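Notes for the one structure printed next.
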Amino acid sequence: MATKATNKKGKPAPPAPNVVEVATRGGPFEGASPAVLRRRAAKMLDHLALSGVELSIALVDDATIHDLNRSYRHKDKPTDVLSFPLHERPAGWKPKGAKGAEIGAGWPYQGPLGDVILSIDTARRQAAEQGRPLLAELTMLLAHGLLHLVGYDHRTAAEDREMTARTRELEAAASARTTTTPR
């Protein structure tokens, strides 16, 4: 069992900061602000109580994600989101039923989590089809991709229901207005 880090006075040490990097390829993309997506990703990581992790997000066009999808998933078409985790799901770690901070509490790794690649072109089409803002679609895709990085999947109907519920939870956390002033 892991012990909590403490400072010199024996009090709990503050959590290690998270790092979120956002890069664009094929952009800039109107309506897809890297700064806004970085803030939303940081809120998601906080909601999951992950600390000391690094998340890489790439905002790309359909041509770029098509190439990646063909190379890594052997699917010759663009997709909306790809995730490339840097860790295998920890042995014995079962996210089923975990919510929010419970997910992060069982996550044993610090440092890089992996990469989430978002196709702005596909997200824009999907948002238009569903009659919702691009930012809402990107937030949902980011949440979905992040959950893949921490071991969630949707291979069965039960896993799909669980992942959908956690995605909605992260969307709400990311979209919530902050009542405190950031430092």
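Just so it is clear, none of the values below were taken in a lab; they were calculated from the coordinates. None of these values were measured; they are calculated from a predicted model. A quick note on method: Cβ atoms are made from the backbone with ideal geometry, for glycine too, and the neighbour counts reach across all protein chains shown.
Structure summary
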read-out	value
Percent of beta bridges antiparallel (DSSP, the range 19-175, rounded to nearest 5)	25
Ascending count of other beta-carbon atoms within 10 Å, so fewest first, for Lys77, Lys43	Lys77, Lys43
5 Å-binned pair-distance histogram of the range 19-175 (Cα, whole percent)	2, 10, 19, 24, 22, 15, 8, 2, 0
